[in-house]
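Visitor: One structure follows; several queries about it will come next.
The values are calculated or read from the model by the stated rules, or taken from the named source; none is laboratory data. Since this is a predicted model, take the numbers as computed values, not measurements. Ideal geometry is used to build each Cβ from the backbone, glycine not excepted, and the neighbour counts take in all protein chains shown.
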Amino acid sequence: MNGRFMLDGQPVMFEEGQTILQAAKAAGHYIPSLCWHPDFPPHGSCKLCIVKVGGRHVSSCALQAKDGMEIESNTPEINGERRALLQMLFVEGNHFCPSCEKSGNCELQAQAYELEMTSARFNYFFPVRPVDASHPDILLDFNRCIFCELCVRASRDIDGKSIFALTNRGIHKHLVVNAESGRLGDTDFSALDRAASICPVGVILPKRVGFAVPIGERIYDEKPISLVSMEKER
Amino acid sequence: MNTSSLETAENRESLRKVVIDPVSRVEGHGKVTLLLDEEGEVREARLHIVEFRGFEVFIQGRPYWEVPVMVQRLCGICPVSHHLAACKALDHVVGAQSLTPTAEKMRRLMHYGQILQSHALHFFHLSSPDLLFGFESEVGKRNIVGVAAAHPEVARQGVLLRKFGQEVIRATAGKRIHGTGAVPGGMNRHLAPDDQRMLKADVAKMIEWSRAAVELVKRLHRADPVLYDAFGTFSSGIMSLVRADGAMDLYHGQLRFRDANGAITLDAVPDQDYHSVIGEQVKPWSYMKFPYLRDLGPDQGWYKVGPLARVQNCDFIPSPFAEAERREFIAHGQGGLIHATLAYHWARMIEMLHAAEVIRDLLDDPDLMDGPLLSTGTHAREGVGIIEAPRGTLIHHYQVGEDDLVSMCNLIVSTTHNNQAMNTAIRAVAQRYLSGHELTEGLLNHIEVAIRAYDPCLSCATHALGQMPLVMELVGPGGETLSRVTRG
C-alpha cells in the first residue's frame, strides 16, 4: 500500500516497505546519516538520521513510513541534536582533519560542514589507539573509528570473512580484527574486499595513496554531502 | 670581540637579570635574558627558545605518505619548506631516483614562490620599521602600519610582493598556507592555465620591485656604513647547499662549508651524508639544539646559514640581475667574507630578486602545464631531504619500517643552525651597546634587531608582528622582581 506523510510541512509519497529515510530521499529530501548504507539493512546506531514523529525521536533509517505521519527533520532543534552527536563523535576519537588523508572524502567531516559544526564543544578524550600497518596493502587507523559497523557488516555479509567486530561496551567500545594476534596482516583480508572500500571515515585506507588526489578536488570539496548523497542514490 | 665568555657568568646569583619576553616581530616565541653586574656591565646574554614542539616524536608511527602534510604544520610562515624537504626525503623511500620534469619544475616554482613571499614578509613587515625609522625610534610607530604611513609606496610594494609569492604557492600547492601539492615521488597537480596567465602578467613588476628593494637596502648601508658594517658583527664559518657547478640553488644541491675567512673547507657533501659532517649539541637552558661541524667540534665548528651564507657560499647566482647584485655585495667585502649581522637584509633582498627571476623563467616552461607527475622505483627504508628554506638550510631525515610507518625522524631546521650565531650576535650587541648604560626600551630593541636580522622562526609556527608586549623585569639577587616595565 502506498501512502503519504508530511516531512517538515511537505507531502512525501512512499511505497509499502520504505523507511522514512528511503522515502524522503526518493522524493528529493535529504536526511543526514552516517551508518546507513543503501546496500545494507538499517543499523540505527549513529542516530544522525533522527527525526521527530508525533513528538517522539525515531531513527528514520529504521522506521517504516506510515500514512499520515507528521515528521520534523530539518529544524533548528533536530539539527542542533545532530550537531551534538557529531561533536561527541569528534571528541571520542582522534580526528585531525588538517593532516588526515581522508579529508575531503570523509563523511564525518562532510556532515560537520553540512550541520555547521564550528567547534568541538566537549572536552577531547584523546584515546590511545595505535594504528595497525601489518597488512601489506591496507592501513588501519583506529583513531578515526565512529563505530558505524559498515566494515563489520560488509566483511561478514558480502565478503563472507567476518574480519572486523566491535568489542566492549560504552566508552570502552572499539573495533577489533578477528585474528589471534589482533593484526590485520594475519587475516585473509584483501584490498579488493567490499569492506576495504566502505569506511565512511579514515580508518580503512589503501596504503601508499595519501594525497595523490589534491585537497580541493575531492568528493565533498566542491559539493556538500547533502547534494552528493542525493546524486549518488538517484 | 670575545663573546663566548658571556654564555655563562660566574656568580650568577649575585647579578641582576633583565628579561626580554617575548622577542617581538619574529616568528614564534623566544626570550632573552641578560645578567648585569652592579656597574651595569653585561655578564651573561642568552637567547632561549622556550617552545617545545615534539614533532620528531609524534611523527613516529605514522604512515610516511602523511608526513609531508603533517610536518608543514611546524610553520605558518614557511610550511612549503617543510612540505618539500619531507617530500625530498621520502622520494628516496618510494624509490624516485629522479623526478619527472613536470614535478621537479612545479616543486621549484612552489619553493621560489615561498622564498619570495617569506623574504618580503620579513624585510618589509618585520624588519623595515627598525631600518627605516631607527632602532630607538618611537615604539608606537615602529611597525608596518608606521611604514605604510611614512613610506606608503615601500609598504605597498612589500605587501604585494608577498601576495604574489603566496599566489605562486596557491597555484602550485592548492592553498596559500598548508597546501598539499607535493607528494613522495612527485606532485599531484599541474599549473592551471589561468594561474599561469595571472602570474605572468605580474612577474615583471615583481622583478622591478625586488630590484628596488635591493637598492633600498644598499641605500641604508651607504647612509650609515659604520652601523651597518659593525652592528652585531662576528666571524664564523658558513654553510649552505650549492649546485654541483657552484651555482646558488635553493631547491637542491650539495653541502658546502667555508671558514670565517671564506676558504672552502668542505665541499660537495651529498645530502644523504649530512650526519657524517654535522653534529648537534644540547644545552640545558634552551629547547633548541646547537649544531656544529663534527671535524671542528661544538666550540669551533658552529656556523651561520641563511641568505648571508648562501650569497657568499655560491660561486654565482644563475639569474642576471641577482648575479650583478651578488658581485656588488661580494665587492663590499673587499676580498673577505661579510659577517655583518645587518648584511643579512642585503643578501636576503638579493635572494628575493633571484626568486622573482627564477619564477619568471619557470612560468614560460610548458612542462608545468602537462606531463607525468609521479616517479616510482624500488622502495627504501631511509631518506634525507635538504632544502634551502628562506631562513637557511633545512634538513629532514626519516627512517621507515617494513610496514610503511615512520620509525625515526630527525629535523634540523634553519633557525637551529643559526642558534649559536644568534646568541653570539646578541652578546656582541649587548657588550657594545648595553654594557654600562641605563637600559631603555630602545636599547633593548638593539638586541631584538640583531635577532630579527636572522629572521628566526622560533617555533616555526606563529609570529608576533610587533603586537606582543615587551616585558622587562629587574630581578634582585633573591629572584624577586624589583621593577617591571611593559611596552605595547
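Visitor: Assess whether A:I138 counts as being at pLDDT 95 or above, surrounded by 20 or more Cβ atoms within 10 Å (Cβ to Cβ), under 29 Å from A:A212 (Cα atoms) and among the β-branched types (V, I, T).
Guide: Criteria met by A:I138.
Visitor: A:F164 fails exactly one of the following numbered conditions: (1) within 30 Å of B:R176 (Cβ to Cβ); (2) more than 14 Å from chain B (Cβ to nearest Cβ); (3) of a type in the set (F, W, Y). What is the number of that condition?
Guide: Unmet condition: (1).
Visitor: Which ones in segment A:97-116 are outside any helix (DSSP H, G or I), away from every other protein chain (no Cβ under 11 Å) and not hydrophobic (A, V, I, L, M, F, W, C)?
Guide: Selection gives A:N105, A:E116.
Visitor: A follow-up question, please. Quick test for you: out of B:F164, B:F135, B:F124, pick the one residue that is among the hydrophobic types (A, V, I, L, M, F, W, C) and in contact with a His (Cβ under 6 Å, 6 or more places away or on another chain).
Guide: Result: B:F135 is the single residue among B:F164, B:F135, B:F124 that is among the hydrophobic types (A, V, I, L, M, F, W, C) and in contact with a His (Cβ under 6 Å, 6 or more places away or on another chain).
Visitor: State which residue pairs qualify: first residue within 10 Å of another protein chain (Cβ to nearest Cβ) and inside segment B:61-84, second residue of a type in the set (A, V, I, L, M) and part of a helix (DSSP H, G or I) in any location, beta carbons under 7 Å apart, and separation of 6 or more residues or different chains.
Guide: B:R62/B:M70; B:Y64/B:L90; B:Y64/B:V93; B:V67/B:A86; B:V67/B:L90; B:P68/B:A86; B:P68/B:L90; B:V71/B:A86
Visitor: Can you pull out the residues in segment B:302-327 that are touching a residue at least 60 places away in the same chain (Cβ under 8 Å), surrounded by fewer than 23 Cβ atoms within 10 Å (Cβ to Cβ) and under 22 Å from B:P225 (Cβ atoms)?
Guide: B:Q312
Visitor: From the list A:A179, A:A195, which one is more than 14 Å from chain B (Cβ to nearest Cβ), more than 21 Å from the chain's Cα centre (by Cα) and among the aliphatic types (A, V, I, L, M)?
Guide: Result of the check over A:A179, A:A195: A:A179.
Table: residues versus (1) in contact with a Ser or Thr (Cβ under 8 Å, 6 or more places away or on another chain); (2) touching a residue at least 40 places away in the same chain (Cβ under 8 Å).
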{"residue": "A:F164", "(1), (2)": "yes, no"}
{"residue": "A:G170", "(1), (2)": "no, no"}
{"residue": "A:H174", "(1), (2)": "yes, yes"}
{"residue": "A:R183", "(1), (2)": "yes, yes"}
{"residue": "A:D188", "(1), (2)": "no, no"}
{"residue": "A:V209", "(1), (2)": "no, yes"}
{"residue": "A:P214", "(1), (2)": "yes, no"}
{"residue": "A:Y220", "(1), (2)": "no, yes"}
{"residue": "A:E231", "(1), (2)": "no, no"}
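Visitor: Now a separate question. Considering only segment B:118-193, give the helices (runs of 4 or more DSSP H) lying wholly within it that have at least 2 residues that are small (G, A, S), within 14 Å of chain A (Cβ to nearest Cβ) and in contact with a Cys (Cβ under 6 Å, 6 or more places away or on another chain).
Guide: Because the criterion is at least 2 residues that are small (G, A, S), within 14 Å of chain A (Cβ to nearest Cβ) and in contact with a Cys (Cβ under 6 Å, 6 or more places away or on another chain), no helices (runs of 4 or more DSSP H) in segment B:118-193 meet it.
Visitor: Determine which member of the set B:P307, B:P284 is more than 16 Å from B:T424 (Cα to Cα), in contact with a Lys or Arg (Cβ under 7 Å, 6 or more places away or on another chain) and of a type outside the set (G, A, S).
Guide: Every option except B:P307 fails the conditions.
Visitor: Count, please, the residues in segment B:269-301 that happen to be of a type in the set (A, V, I, L, M) and under 24 Å from B:G54 (Cα atoms).
Guide: 3
Visitor: Going through segment A:200-234 one residue at a time, which ones are in contact with a strand residue (DSSP E or B) (Cβ under 8 Å, 6 or more places away or on another chain) and more than 10 Å from chain B (Cβ to nearest Cβ)?
Guide: Result: A:V203, A:I204, A:P206.
Visitor: Are any of the residues in segment A:73-93 touching a residue at least 24 places away in the same chain (Cβ under 8 Å), within 14 Å of another protein chain (Cβ to nearest Cβ) and outside any strand (DSSP E or B)?
Guide: no
Visitor: Now, a different point. Can you pull out the residues in segment A:85-127 that are within 14 Å of the chain's Cα centre (by Cα) and of a type in the set (D, E, K, R)?
Guide: A:K102, A:E107, A:E114
Visitor: Next question, about the same structure. Being closer than 14 Å to A:L89 by Cα, at pLDDT 95 or above and away from chain B (no Cβ under 14 Å) is the requirement here; does A:N123 meet it?
Guide: yes
Visitor: Here's something else I'd like to know. Residues to consider are B:D202, B:D245, B:D249; find the one that is more than 22 Å from the chain's Cα centre (by Cα), closer than 29 Å to B:V277 by Cβ and either within 14 Å of chain A (Cβ to nearest Cβ) or not in a strand (DSSP E or B) (or both).
Guide: Result: B:D245 is the single residue among B:D202, B:D245, B:D249 that is more than 22 Å from the chain's Cα centre (by Cα), closer than 29 Å to B:V277 by Cβ and either within 14 Å of chain A (Cβ to nearest Cβ) or not in a strand (DSSP E or B) (or both).
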